[in-house]
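Visitor: Could you have a look at this structure, given as structure tokens, before my questions?
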Amino acid sequence: MEIWVLRLGHRPHRDQRITTHVMLAARAFGAHGALYTGVRDESMERSVHGVVENWGGSFKVRYVESWRKALRDWRERGGRVIHLTMYGLPVQRVIDEIRADPSPKLIVVGGAKVPGELYGEADWNVAVTSQPHSEVSALAVFLHMLYEGRELELEFEGAKLRVIPQERGKRVERLA
Ligand code: SAM
């Protein structure tokens with residue numbers, strides 16, 4: 001199942017760190033790419049591309065001006081939309097239904113302000129607990145449940161660096 005993430009309302013400087021973390025969590029937990037709206041931020045894009053360059057895989061980042069158009073384009077390709085929000089249905093109740101649907105999925109996470117219409121536009125509004133926390137934690141837990149833990153074994157093709165897991169200390173192997 002193809003999985004992309006849409007991060008809403010990026011503000012350079014204020015959100016650089018958290019948007020980068022949304023992208024890195026998306027990549028590490030098995031999404032294929034991420035779109036973002038708000039203000040284009042080439043420096044954030046470069047830092048995500050730098051991680052892909054060193055640690056492998058083919059994760060893509062693309063800026064889109066309009067979330068409505070992004071959703072329309074996604075649906076035209078036969079995709080469906082999941083909005084992560086504390087007000088949605090509990091993830092543990094809907095994840096099997098989402099996993100059973102083979103269509104490509106766009107997982108939308110908010111920023112400072114989420115447009116009200118999105119709740120009506122999404123195929124699923126999904127809560128990872130009904131407590132407020134963050135786009136990064138919501139996305140990571142959602143992907144972990146979607147993939148049932150298989151994402152923990154992912155290998156990233158073309159990596160230049162690879163960690164050799166150690167009980168203590170740090171060991172990194174250079175592959176190219
Ligand atoms: N104040 C914003 C709003 O209008 O909803 C939410 C801000 S929150 C820091 C940013 C994003 O984190 C949300 O839009 C949502 O995608 C995600 N998020 C936070 N808590 C969540 C939860 N319990 N379940 C699912 N997603 C959550």
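To keep it simple, each residue is scored yes or no on (1) open to solvent by less than 40 Å² (accessible area, probe 1.4 Å); (2) at negative phi.
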| site | (1), (2) |
| --- | --- |
| A112 | no, yes |
| E117 | no, yes |
| G120 | no, yes |
| V141 | no, yes |
| L146 | yes, yes |
| G149 | yes, no |
| E153 | no, yes |
| R174 | no, yes |
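Visitor: For the range 70-81, state whether one or more residues are within 10 Å of the ligand (Cβ to nearest atom) and within 15 Å of the chain's Cα centre (by Cα).
Guide: Pass one, the range 70-81, residues within 10 Å of the ligand (Cβ to nearest atom): none.
Within the range 70-81, not a single residue is within 10 Å of the ligand (Cβ to nearest atom) and within 15 Å of the chain's Cα centre (by Cα).
Visitor: Could you tell me which residue of the range 133-174 is farthest from H32 (Cα to Cα), considering only residues that are within 18 Å of the chain's Cα centre (by Cα), in a loop (DSSP other than H, G, I, E, B) and not hydrophobic (A, V, I, L, M, F, W, C)?
Guide: Within the range 133-174, the match that is farthest from H32 (Cα to Cα) is H133.
Visitor: If you don't mind, there's one more thing I want to ask. Counting just the residues of the range 94-111 that are outside any helix (DSSP H, G or I) and in contact with a Leu (Cβ under 9 Å, 6 or more places away or on another chain), which one comes out modelled with the lowest pLDDT?
Guide: Selected residue: G111.
Condition check ((1) under 20 Å from H144 (Cα atoms); (2) of a type in the set (G, A, S); (3) touching a residue at least 60 places away in the same chain (Cβ under 8 Å); (4) touching an Asp or Glu at 6+ places or on another chain (Cβ under 7 Å)) across all residues:
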residue	(1), (2), (3), (4)
M44	no, no, no, no
S47	no, yes, no, no
W67	no, no, yes, no
G88	yes, yes, no, no
E117	no, no, no, no
E121	no, no, no, no
P132	yes, no, no, no
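The values are calculated or read from the model by the stated rules, or taken from the named source; none is laboratory data. Given the structure is predicted, the values throughout are model-derived calculations rather than measurements. Cβ: placed from backbone, ideal geometry, glycine included. Neighbour counts: every protein chain shown. Note: accessible area is taken over every heavy atom of the protein model, side chains too, but ligands, DNA and RNA are not part of it. Shrake-Rupley method; radii C 1.70, N 1.55, O 1.52, S 1.80 Å.
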